Each structure stands twice: as C-alpha cells, then as structure tokens.
C-alpha cells in the first residue's frame with residue numbers, strides 16, 4: 001500500500017511541475033521574450049523596407065530625370081554636330097573658293113605681265129617691224145593666228161613669209177622657244193591639241209630621216225618635242241610644227257609637209273643706223 005501511495009504522490013508532483021512549466025501567463029517565459037524580439041525585428045524591417053522603397057522611388061525618379069536629361073543633351077549634341085559639319089563644309093567651300101580666286105589672280109597677273117610685255121614690244125616695235133609683227137630682241141615675228149588666214153602646207157607657209165622678206169621660224173634658244181609658245185597663248189590661240197592647230201617652223205628631216213635641220217643649214221641640237229614625238233607616222237612626217245602646248249618645252253610635233261597648218265615667220269631687224277641726207 002505504501003508503495004502505491006508513493007507512486008501516486010510522485011505522479012501528482014510531476015503533473016504539478018508540468019503545469020508550472022506550461023504556465024504561459026508568467027512574464028518571464030522565454031517564448032514571449034522571443035515573440036517580442038521577433039515583433040521588434042519585424043517592425044524594424046518594415047520601417048527599413050519602407051525607407052528602402054522610398055529611396056528606390058527617389059532613385060527611380062532621379063534615373064528617369066537623368067535619362068531625360070541625357071536624351072536632351074544627346075539631341076543638343078546631335079544638333080551641334082550637324083552645325084559643326086555644316087560650318088566645316090562652308091569652310092571647305094570658302095577655302096576652295098579662296099584658292100580658286102588666288103589661282104585666277106595669279107593667272108591674271110601672269111596674263112597682265114604678258115600683255116605688258118606685248119605692249120612694250122609693240123612700243124619698241126614702232127617703226128622696226130611690220131604691222132602685226134612682234135619684236136623680241138632684234139627679231140620680228142609674225143604669228144598667222146587670224147581666222148582670216150587660211151592654213152597652208154609647209155612650202156606655201158614659207159612662201160608667205162618670203163613675201164615679207166622673212167622666212168619660217170628658226171628657234172635657237174630655250175628662251176626663244178618659251179617666248180614663241182607664250183606668245184601663242186597671249187594671242188588667245190590656246191586650243192586643245194590637234195594636229196591642225198600647229199604652226200610650221202623652218203625645221204625638216206626630208207633629206208635624211210631622223211636628222212632634223214633648220215632652214216639656215218644647222219642641225220637641230222635641242223628639241224622641244226611632245227612625248228612620243230617625232231614618230232614619223234606612216235613614214236610621211238618630215239616637217240616640224242610648234243603648238244601652244246601647256247608645257248612650253250614639250251610643244252613640237254612632226255607632221256606631213258602637205259598638211260594645212262598655220263605658220264610663224266621671223267625676220268631680223270635692220271639695226272644699221274640711217275645716215276641723214
């Protein structure tokens with residue numbers, strides 16, 4: 001009996017202890033403490049989340065504003081780039097125009113010098129050369145540039161020179177060659193190259209092919225031929241002509257003596273002083 005009572009008492013004691021442990025109304029119970037901490041943490045996280053949401057909304061607003069500003073600046077940059085490109089094109093156009101005007105001015109200045117030289121020659125020529133002849137040093141030159149003058153063969157052109165006591169052109173120096181070509185250009189006979197635009201000179205190789213001789217009997221020592229000339233095309237080109245070429249020292253061409261071309265005459269000036277009667 002004693003044993004049974006003792007067991008019963010122990011069971012009651014254990015039950016009481018469990019009831020004490022399960023008493024949730026006690027303030028010091030660990031579960032309430034944990035709930036409070038969780039609640040505080042939740043409140044803190046909620047507050048932080050609210051702040052983060054607010055900051056995120058602010059950042060999104062700033063991002064949108066910056067994006068819009070970037071678009072505005074990009075548009076402004078595109079417009080400025082177009083303006084710069086347009087200004088550069090205008091500058092290039094103006095630079096080209098300036099260069100063209102400068103080139104034209106140089107050409108006009110050169111033309112002016114040539115005309116002044118012609119005027120000087122005409123003044124010096126007064127009474128020394130025939131009308132429409134040009135004086136250089138002590139030689140008078142006639143350039144058959146007039147449209148009224150018909151083209152003739154080499155022999156016929158020479159006869160025209162002889163009518164005036166002259167003969168076909170004989171070139172003795174580089175300076176004379178340059179003078180002849182420059183004068184042709186000054187006289188506005190500046191045509192594109194064509195064999196019919198040449199001027200007969202007193203130079204032939206009809207006696208010995210390849211041996212060019214002047215009318216005064218001297219052999220040609222310095223020739224101012226165009227590239228590839230003389231070529232004696234069809235074995236029939238035995239007379240030489242000078243052309244108003246762009247390069248004055250590359251201005252000769254050989255042609256058949258029967259071709260109708262213009263011609264250039266020359267005549268020495270009589271420098272013997274006249275004795276008064």
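What follows is calculated from the coordinates using simple rules that are stated; it is not laboratory data. What you are looking at is a predicted structure, and each value in this text was computed from that prediction instead of being measured. Here the Cβ is made from the backbone with ideal geometry for all residues, glycine too, and neighbour counts use every protein chain on show.
Annotations
- FRET E, pair residue 233, residue 155, Förster distance 22 Å, beta-carbon r, rounded to 0.05: 0.65
- Take the Cα of residue 268, step 7 Å toward its Cβ, do the same at residue 128, and the gap between the two points is 1.5 nm.
- Residues 201, 220, 94, sorted so that the one with the fewest Cβ neighbours within 10 Å comes first: 94, 220, 201
- Pairwise FRET efficiency - residue 222 versus residue 96, Cβ, R0 = 51 Å, nearest 0.05: 0.80
- R0 of 22 Å, Cβ-Cβ distance residue 145-residue 107: FRET efficiency to nearest 0.05: 0.60
- Separation between Cα centres of segment 227-247 and segment 90-110, rounded to whole Å: 36 Å
- Sorted by Cβ neighbour density within 10 Å, fewest at the top, the residues 237, 160, 209: 209, 160, 237
- When 212, 263 are sorted by how many other C-beta atoms sit within 10 angstrom of their C-beta, beginning with the fewest, the order is 212, 263.
- Projected label distance in nm at residue 163 and residue 258, using a 7 Å step from Cα toward the beta-carbon: 2.3 nm
- If the chain linking residue 247 and residue 86 were pulled fully straight, counting 0.36 nm for each residue of separation and taking away their Cα-Cα distance, it would gain 54.0 nm.
- Segment 132-268: relative contact order as a whole-number percent, Cα under 8 Å and 6+ apart: 38 percent
- Set of segment 37-60 residues, backbone N closer than 12 Å to the point 7 Å along the Cα-Cβ line of residue 67: 60
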